[in-house]
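Engineer: Handing you a structure now.
None of the figures in this text is laboratory data; all of them are computed from the coordinates on show. All values reported here derive from a predicted model rather than from experimental measurement. Counting neighbours? That spans all protein chains shown, and the Cβs are built from the backbone with ideal geometry, glycine included.
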């Protein structure tokens, strides 16, 4: 278990990286480059970090069963594609909306879409407290937009901020990116249920590997013809620091999320606090890095949006432990292998303490 200092450092790193991620895209807006190419390099960077970590953790991985490439594509390819679409929308929308206004639209759409998708795909219900949190988040979003409309600041101050009203295409792509991220979250959670004895690190490697394929496919689909004819250079702009700043920032935000899932003493609630604080931290960071003018009304509305997002995640209903029966025979085998553990039995049959009870006592 990591020390208290290590947990604090992980928390600070995750919060700072999530706050900085859209700001880095805004800051790099002056440099013309292919954002899709930057996403491919981002996924390669994540793999370069995760693969050595997986190799060093072989004693923990040796009892895990391998799954077929078809199963891997089904369960990890889909969330990888969703995340690639989300990041691609980020690269288009932020320079046109500004980092702060993008955060407002994105937070509102993400929380709403995640709740609806969890109801549809995971059979989870939305509690009364979550509806109240969603109302607070919506009110904060409307307040931030009103502050922006009245000239109170908060658009971003980035390279290509188009002012008010924002471009409709940028708003729509922000909403699409938020839905894609929500779908990524729900599909990743379902994949984890289908393979409960595959570690978070192993699944993160699978998702990043498919992420390289997904981002490369998007790059070819969007710019393949221009690259083939020489009308566009694949690595144009990468001699400047801006695109590399974007690559490192997005990779850091994704990797710190993985560390949050793996570290004892942290978890979903702590990550919800981190994301809420990241939204609040974006305001002073935008002022320092981009020179954005931020009014008190916009800052207060942003804090309300952050609080609504945190409270929505905090009051997520607890799920009863169960062994998910997947239609895939390989994942069904993985799930069945963990059934004795979920029932609280040991190999000797002497301990009748359930996994959920044990986890609860460790947290307490």
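Engineer: How far apart, in nm, are the 7 Å Cα→Cβ label points at residue 200 and residue 220?
Structural biologist: About 3.4 nm, to one decimal.
Engineer: Between residue 228 and residue 315, what length comes free when the chain is fully extended (0.36 nm per residue of separation minus the Cα-Cα distance, one decimal in nm)?
Structural biologist: Gain on extension, residue 228 to residue 315, equals 26.2 nm.
Engineer: Based on the Cβ-Cβ distance of residue 49 and residue 120, what FRET efficiency does E = 1/(1 + (r/R0)^6) give at R0 = 30 Å, to the nearest 0.05?
Structural biologist: Efficiency at R0 = 30 Å is approximately 0.35.
Engineer: What FRET efficiency comes out for residue 296 versus residue 73 if R0 is 45 angstrom and r is the Cβ-Cβ distance? Round to the nearest 0.05.
Structural biologist: Working from the Cβ atoms, E equals 0.35.
Engineer: So how much slack lies between residue 240 and residue 172, counting 0.36 nm per residue of separation and subtracting their Cα-Cα distance, in nm? Intermediate results must be reported in sequence, preceding the final value.
Structural biologist: Details: separation 68, 0.36 × 68 = 24.48 nm, distance 2.96 nm.
Working it through step by step, the gained length comes to 21.5 nm.
Engineer: For the residue pair residue 193 and residue 138, what label-to-label distance in nm results when each label sits 7 Å from Cα along the Cα-to-beta-carbon direction?
Structural biologist: The answer from the label model is 2.7 nm.
Engineer: On to the next question. Using packing as a proxy for protection, rank 216-226, 9-19 so that the peptide with the highest average count of other Cβ atoms within 10 Å comes first.
Structural biologist: On the way: 216-226: 15.3, 9-19: 19.9.
My ranking of the peptides, most packed first, is 9-19, 216-226.
Engineer: Counting other beta carbons within 10 Å of each residue's own, what order do 131, 210, 244 fall into, fewest first?
Structural biologist: The fewest-first ordering by Cβ neighbours comes to 131, 244, 210.
Engineer: To continue, here is another question. What percent of all Cα-Cα pairs in the stretch 1-111 falls into each 10 Å bin, going from 0 up to the bin containing the maximum distance?
Structural biologist: With 10 Å bins starting at 0, P(r) equals 11, 29, 34, 22, 4.
Engineer: Using a 7 Å offset from the Cα along the Cα-to-Cβ direction at both residue 129 and residue 287, what is the distance between the two label points in nm, to one decimal?
Structural biologist: 3.3
Engineer: Just to verify a number: FRET efficiency for residue 6 and residue 248, C-beta to C-beta distance, R0 = 22 Å, to 0.05?
Structural biologist: 0.50
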